[in-house]
Amino acid sequence: MLLAAAQSALKRYFGYDQFRPLQAEIITTVLQGQDSLVLMPTGGGKSLCFQIPALVLPGTCVVVSPLISLMRDQVEALKANGISADFLNSTQNAEDQRRIENELYDGELDLLYVSPEKLLTAQVLTMLSRSKVNLIAIDEAHCISAWGHDFRPEYTQLKVLKQQFPKVPIIALTATADKITRRDMVEQLALRAPAVFIASFDRPNLSLEVRPGQDRLKQILDFIKPRSKQAGIIYCLSRKGTESLAEKLKGAGIKAGVYHAGLSPMQRAKVQDDFLNDNLNVVCATIAFGMGIDKSNVRWVAHYNLPKNLESYYQEIGRAGRDGTKADTLLFYSYADVTNMHDMLSEGENAEQVKVQLLKLERMQQYAEAQACRRRILLAYFGENMEQNCGNCDVCKNPPQRIDGTVIAQKALSAVSRLQEKVPMGVVIEVLRGSGRREIIQAGYDQIKTYGAGREISQYDWQQYLSQLINLGYLEVAYDAGQVLRLSNASSNVLFQGQKVELVKPSSYKDRQEQEKQAVKVKSEAEKRQERVRDDLFEELRQLRREIAVKNGVPPYVVFSDKTLEEMAFKRPSDEATMLSVSGIGQQKMQQYGQLFIEAILDFVNRNLPKEDNGTYKLSLNWLKKGMSIEEIAEKRGVAPGTIMSHLAYLHEMGEAVPIEQFVSRDEIKKILAAKPYLEQPNLLKGLYDYFDGNMSYDKIRLALAEERRGK
Ligand code: ADP
Ligand code: ZN
């Protein structure tokens, strides 16, 4: 019963048909009044776990949230869904606070967001004790743990909540899952027999890819090109790195900005805002970026340099695709990166910590060099076992080709041995390839037996082979002695016992590009056309979303998520019922924006797709001529009246005799066409509609444009 109410709130307010894994169980627990602890990855859908109960139960849900900027965005998003929500924090004036207080007493608020320091004031605690609190949600609850990375002392005082509101259930939520943090949350919040929910940390919509770091600027430019209208983040190692990369991207015509701790708070806020509002497509950032923003439509994340451990890596790529739609991640990897990171970490004061960090770096490196499904490795690191390969990582997509690498290994090991284990990888390769560089000759390396023995293998491939030999344990890198390559105990088996070595054929950047091209070619012409249409429509809908967002002063994703727009571009709904079936469109958004988007879709269909349905269009025209009204025809066809009108407009444009004078006068047509020169995109219905301030119907505008085109 309770769950039925929850289900209907899910559809009505959020426009979703189904709960995600664990959401229903969590919500039931909360509705039954039990405390709970929820561990779910970023983007897993934690918020709904308290927002739905807040809507179903009488009274107000108090949400403790640490970041003021996030609080504001979440409240905006709730309001856009027709939910009554507000926030209290130290940035507000007395008047706002009084208004909110009154709303609270009148029982008008479903959700009240509060920062911890504000909540703990006597004033707010008293206020809450005088109102009907139905649930307390502690978001980002890991902030309570002194062991964690985001420790906030105020959080440790939240204990008082259980004392003050012993009957109100508490739900603590976080994306950080380690055991110490978990225990701290339960203890410090004094949760009573909490139900613990641990969701899978898998994010199947994120593709995983690792590429060798050679030529990374060119690679990243090629990567961005087909994604130029999408939002993406590139993480770099240093401030300088972000700045020089952003300059180069800008030079290539990409709207890029930088974000790092060296900028002033104002500069940083500006970058965040621009990114949030889709004015800036790419942000080159150090690790600090992404913490305080809730942008759900980041479509890709790239790591220009190797992150220092898998925790950081996973958290950073986790900022992509929070709306659940496909998103891509790309990691560049080179030995030089490992070396740099190794040196940086080794500078730490605490020897014990340095040791741990170096071990973590090693795991990171192993991940980057892995020849098995990357997602399995990643999840295994976080303690989850996947039964199957994921199919959405580069290894799954291009399974490695194994070759007999015995001779290659022998050449390499022999070169290292003859170079007396005194030179780094780059020089070993030069010797193997017979480089004529002065330093090589001066050192007499051209005299050793393996000089030039590996000429036929490219420098790039040698790098890959040597990395593999290191991973397989046949070579070692002396991190403490200038990165020189040394033999290992296992080397002699290969050199002297004839042991076989299996290696993976390096796939070069060119190979990959070729493979990608091949993959594209397999699609049929019809499929490609459909995709093109979808992309074009998506772009127009995105544009409309932007205009609405600017007008309402909210970020675009508050209007609709990318996922919603994608589904719209796919389904092309032309009536209310179909529009409501699109994920993410609840009652409020239907009412506010539904019609605008339907019009935009019809308009697009008219400009791009009419020919296919010519026959059925004519049927509509026939019925009209027989005296049926537009409404009757629409009813009979099961589509919106606007759709029928758009059919008629199309036929009129194509030269059919359509009695348009029934719907629009000569005068009106003249007025409409006269307005066109004032508009930036004179053929978009919406521009004209706005121009007349809503006093000229879409139908009339559509017919006027058809009349004009008919004349041409
Ligand atoms: P988290 O707080 O765990 O990072 P959110 O609560 O912000 O995640 O949810 C991430 C995205 O998933 C949001 O866009 C949200 O609207 C969407 N979402 C949540 N639950 C569902 C659901 N049951 N069906 C479809 N989308 C959902
Ligand atoms: Zn995989």
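What about Q18, is it more than 9 Å from ligand 1 (Cβ to nearest atom) and either of a type in the set (S, T, Y) or open to solvent by 40 Å² or more (accessible area, probe 1.4 Å) (or both)? The answer is no for Q18.
Would you mind finding the one in S581, S646 that is within 16 Å of ligand 1 (Cβ to nearest atom) and within 29 Å of E539 (Cα to Cα)?
Working: S646 fails: within 16 Å of ligand 1 (Cβ to nearest atom).
Exactly one of S581, S646 is within 16 Å of ligand 1 (Cβ to nearest atom) and within 29 Å of E539 (Cα to Cα), namely S581.
The set of residues from region 191-213 being under 30 Å from V160 (Cα atoms), open to solvent by less than 40 Å² (accessible area, probe 1.4 Å) and not in a strand (DSSP E or B) comprises L191, P194, A199.
Looking across D323, D274, one residue alone is open to solvent by less than 50 Å² (accessible area, probe 1.4 Å) and under 15 Å from the mean Cα position of the chain (by Cα). It is D323.
Which is touching a residue at least 24 places away in the same chain (Cβ under 8 Å) and open to solvent by 40 Å² or more (accessible area, probe 1.4 Å), of R455, R418? After applying the criteria, what remains is R418. Tallying residues that are crowded, with 20+ Cβ neighbours inside 10 Å, assigned to a helix (DSSP H, G or I) and aliphatic (A, V, I, L, M) within region 165-190 yields 1.
Within region 37-92, can you find the residues that are out of contact with any Leu (no Cβ under 9 Å at 6 or more places or on another chain), among the β-branched types (V, I, T) and within 11 Å of ligand 1 (Cβ to nearest atom)? If the condition is that a residue be out of contact with any Leu (no Cβ under 9 Å at 6 or more places or on another chain), among the β-branched types (V, I, T) and within 11 Å of ligand 1 (Cβ to nearest atom), then T42 is the only one that fits. Tell me yes or no: at least one residue of region 73-89 is in contact (Cβ under 8 Å) with a residue 24 or more places away in the chain, of a type in the set (K, R) and over 26 Å from D184 (Cα atoms). Checked against the condition, which is being in contact (Cβ under 8 Å) with a residue 24 or more places away in the chain, of a type in the set (K, R) and over 26 Å from D184 (Cα atoms), region 73-89 yields no hits at all.
Against the condition more than 16 Å from ligand 1 (Cβ to nearest atom), in the same structural domain as Q357 (by TED's automatic domain parsing), touching a residue at least 12 places away in the same chain (Cβ under 8 Å) and touching a helix residue (DSSP H, G or I) at 6+ places or on another chain (Cβ under 6 Å), how does G262 come out, does it pass? Outline the logic, then answer.
Numbers: more than 16 Å from ligand 1 (Cβ to nearest atom): yes; in the same structural domain as Q357 (by TED's automatic domain parsing): yes; touching a residue at least 12 places away in the same chain (Cβ under 8 Å): yes; touching a helix residue (DSSP H, G or I) at 6+ places or on another chain (Cβ under 6 Å): yes.
Yes, satisfied.
Right, V301: modelled with pLDDT of 90 or more, away from ligand 2 (no atom under 16 Å from the Cβ) and among the aliphatic types (A, V, I, L, M) or not? Criteria met by V301. Scanning region 54-83 for residues that are in contact with a Ser or Thr (Cβ under 9 Å, 6 or more places away or on another chain) and part of a loop (DSSP other than H, G, I, E, B) returns G59, S65, P66, L67.
Cβ separations smaller than 6 Å between residues 6+ apart or across chains give the following pairs from region 384-397 residues that are near ligand 2 (Cβ under 8 Å from one of its atoms) to residues that are assigned to a helix (DSSP H, G or I): N389/C396; C390/R375; C390/C396; C393/R374; C393/R375; V395/R374. If you go through region 34-56 and keep only what is open to solvent by less than 10 Å² (accessible area, probe 1.4 Å), farther than 15 Å from M185 by Cβ and either among the aliphatic types (A, V, I, L, M) or not assigned by TED's automatic domain parsing to the domain that holds A172 (or both), you end up with I52, A54.
Working only within region 398-413, note down all residues that are touching a residue at least 40 places away in the same chain (Cβ under 8 Å) and either away from ligand 2 (no atom under 16 Å from the Cβ) or aliphatic (A, V, I, L, M) (or both). If you could, list the steps in order and put the result at the bottom.
If we filter region 398-413 for residues that are touching a residue at least 40 places away in the same chain (Cβ under 8 Å), which is where we start, we get 398, 400-406, 408-413.
Residues satisfying the conditions are Q401, R402, I403, D404, G405, T406, I408, A409, Q410, K411, A412, L413.
Exactly one residue out of D86, D73 is surrounded by fewer than 21 Cβ atoms within 10 Å (Cβ to Cβ), within 28 Å of Q591 (Cα to Cα) and of a type in the set (D, E), and it is D73.
Looking at region 567-594, which of the residues that are at pLDDT below 90 and in a helix (DSSP H, G or I) is surrounded by the fewest Cβ atoms within 10 Å (Cβ to Cβ)? Ranking the qualifying residues of region 567-594, first place goes to A577.
Inclusion of Q681 among residues that are under 17 Å from L537 (Cβ atoms) and open to solvent by 70 Å² or more (accessible area, probe 1.4 Å) is warranted.
The values are calculated or read from the model by the stated rules, or taken from the named source; none is laboratory data. This is a predicted model, so every value here is computed, not measured. Neighbour counts are summed over all protein chains in view; Cβ atoms, including those assigned to glycine, are modelled from backbone coordinates with ideal geometry. Side chains are part of the model used for accessible areas, which takes the heavy atoms of the whole protein and leaves out ligands, DNA and RNA. Shrake-Rupley method; radii C 1.70, N 1.55, O 1.52, S 1.80 Å.
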